[in-house]
Amino acid sequence: MSLLKEKLRSKFPQEKAEIAKLLKENGDKIVSQVTLAQAYGGLRGVKGLVCDTSEVPPDKGLIIRGHELKTITDKLPEEIFFLLLTGQLPDATELKDLQHELKTREVVPNYVWSVLNSMPADSHPMTMFNTAVLVMQHESVFAKRYAEGIKKDEYWDATYEDAMNIIAKLPAIAAYVYRKRFNKGQRIESDKNADWAGNYVHMLGLPNPNDEFAKLMRLYLTLHSDHEGGNVSAYSAATINSALSDLYYSLSGGLNGLAGPLHGLANQECLGWILDTMKKFNGAPSKEQLEQYAWETLNSGKVVPGYGHAVLRITDPRYAAFLAFGKQYMSNDPVFQTVARVFEVVPTVLTQVQKIKDPWPNVDAGSGGLLYHYGLKEFSYYTVLFSVSRALGICSQAIVARAMGYAITRPKSLPTAGYKKIVSIPANA
Ligand code: CMX
């Protein structure tokens with residue numbers, strides 16, 4: 001048995017018992033209230049979900065199992081996955097064991113390539129990626145064992161198997177989506193000696209000067225891994241998972257949510273916005289020009305992509321990590337310079353729009369400019385990178401949910417007439 005699974009096997013029963021005790025002693029205590037505005041406003045701020053892998057305090061940003069993001073940006077995505085699941089960073093032996101386990105599971109079934117090859121040539125990369133994840137449902141260990149009558153206590157074990165099988169294969173699938181969709185030539189075979197992110201870069205086939213692109217990708221895949229349980233992709237995946245749909249169903253469902261422009265697609269839109277400003281002003285725009293362009297965007301009824309957040313009220317620490325990377329490796333690049341200048345201008349503009357609660361950059365504001373620098377210029381692909389990383393969090397959350405035996409998700413809805421009644425307005429008013 002892998003060291004990671006061994007650790008989980010001893011840890012989960014204890015955590016489950018703790019939750020049972022907590023509920024037995026406090027189950028009837030009130031943890032949140034819901035206003036009418038929240039019911040109609042995307043349940044913003046309503047506490048009613050459980051996610052132990054990470055949390056996002058509005059004034060701090062992402063904290064993974066007690067580790068503030070800024071303290072773990074040097075970690076490999078594999079280390080973060082171990083942390084998400086166990087609450088501890090792996091030691092050297094545990095990391096090696098996990099990397100070995102992923103390597104043994106990385107071969108992608110041939111039918112996945114056939115399905116991707118038969119899709120329309122101009123399919124969106126996210127559609128291709130999510131289709132590949134879904135079609136592999138054929139391999140689900142959970143679905144097979146469930147049909148055989150697996151015991152409830154073993155649900156997490158089968159989900160772990162699915163998670164590892166999926167995570168191991170994602171870099172090869174994502175890299176092929178890139179090469180196929182953008183006519184980059186043959187599929188590149190895996191490098192048996194590379195780490196998870198390094199191998200992804202290898203299979204993308206783009207230049208990797210001084211291993212810098214791989215460094216960026218390690219950072220990228222670490223930063224996007226998880227963002228607590230209420231964001232669209234995590235919540236959608238968890239809801240699907242709660243019906244005991246296996247991870248292939250729930251991960252692809254969650255990633256379909258990530259493909260929305262208000263969520264993960266914003267990173268594609270963001271670089272588009274930056275490049276539009278450069279086109280309009282013939283090169284890196286001045287602060288005044290950027291301010292003008294930000295107002296034009298707002299006045300035309302569009303959002304400034306990469307800015308604002310449903311939870312955060314500070315500069316996203318993930319954006320800060322990307323900015324620091326850019327300053328270290330590409331301070332002379334005009335696209336990066338524009339990204340950095342936008343940060344000096346846009347928060348001041350957005351602060352003047354009263355309804356906007358968070359004028360600060362989110363994770364999507366910075367990443368595109370860095371990817372562009374290393375030749376990954378097809379921005380419709382960027383959400384696929386986000387997906388490869390977010391799979392770490394979604395899979396971890398699913399394993400934990402199965403281990404804790406969480407119930408099927410089923411909040412209560414009411415028609416508008418029902419809410420009118422609650423707030424004492426006659427239904428026909
Ligand atoms: N530009 C223009 N308007 C914005 C804005 C922005 N960057 N951020 C928020 N607003 C607007 C909202 O659209 C909303 O307007 P309406 O009331 O007319 O609908 C109003 O300000 C209030 O919004 P909010 O309470 O501050 O923010 P929400 O929780 O409703 O939305 C988010 C959060 C991220 C969808 C929003 O800030 C946004 O659209 N940002 C741009 C897109 C983006 O970067 N998304 C990526 C987020 C990170 C991720 O999930 O990947």
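A full extension of the chain between R9 and V115 corresponds to an added length of 34.5 nm, given 0.36 nm per residue minus the alpha carbon distance. Counting only protein heavy atoms and a probe of 1.4 Å, the accessible surface of region 266-373 is 50% carbon and sulfur. When the chain is treated as a GNM with alpha-carbon contacts under 10 Å, the residue of Q268, Q292, Q88 showing the greatest mean-square fluctuation is Q292. Ranked from largest to smallest solvent-accessible area, with a 1.4 Å probe on the protein heavy atoms, I425, I72, I240 come out as I425, I240, I72. Shown is the FRET efficiency for A92 and N210, computed with R0 = 25 Å from the Cβ-Cβ distance and rounded to the nearest 0.05: 0.50.
In the context of the full set of protein chains, region 266-373 has a per residue accessible area of 44 Å² (1.4 Å probe). Sort region 222-343 into rounded, prolate or oblate with this rule: let a ≥ b ≥ c be the square roots of the eigenvalues of the Cα gyration tensor; rounded if a/c is under 1.5, and if a/c is not under 1.5, prolate when a/b is larger than b/c, oblate otherwise. Because a/c hits 1.5 or more and a/b exceeds b/c, region 222-343 counts as prolate. Short-range pairs are left out: with C-alpha atoms under 8 Å and at least six residues apart, the relative contact order of region 266-373 is 42 percent. A simple spin-label model places pseudo-atoms 7 Å from Cα toward Cβ; at R187 and V303 they are separated by 3.5 nm.
Can you tell me, using C-alpha contacts under 8 Å and at least 6 residues apart, the relative contact order of the chain as a whole percent? Contact order relative to length: 22 percent. Given DSSP loops and a limit of at most 10 other Cβ atoms within 10 Å, what is the longest stretch of the chain that contains no such trypsin sites (Lys or Arg not before Pro)? With trypsin sites (Lys or Arg not before Pro) excluded where exposed in loops, the chain gives 193-354 as its longest stretch. A simple spin-label model places pseudo-atoms 7 Å from Cα toward Cβ; at A37 and D153 they are separated by 4.9 nm.
Take every pair of alpha-carbon atoms less than 8 Å apart whose residues are at least six positions apart; their mean separation over the length of region 108-266 yields a relative contact order of 24 percent. Across all directions, the average projected area of the convex hull around the alpha carbons of region 72-205 is 9.5 nm².
Modelled this way, with points 7 Å down the Cα-to-C-beta line, the labels at L414 and R44 are 2.1 nm from one another.
The values are calculated or read from the model by the stated rules, or taken from the named source; none is laboratory data. Given the structure is predicted, the values throughout are model-derived calculations rather than measurements. Ideal geometry is used to build each Cβ from the backbone, glycine not excepted, and the neighbour counts take in all protein chains shown. Heavy atoms of the whole protein, side chains included, go into the accessibility calculation; ligands, DNA and RNA do not. Shrake-Rupley method; radii C 1.70, N 1.55, O 1.52, S 1.80 Å.
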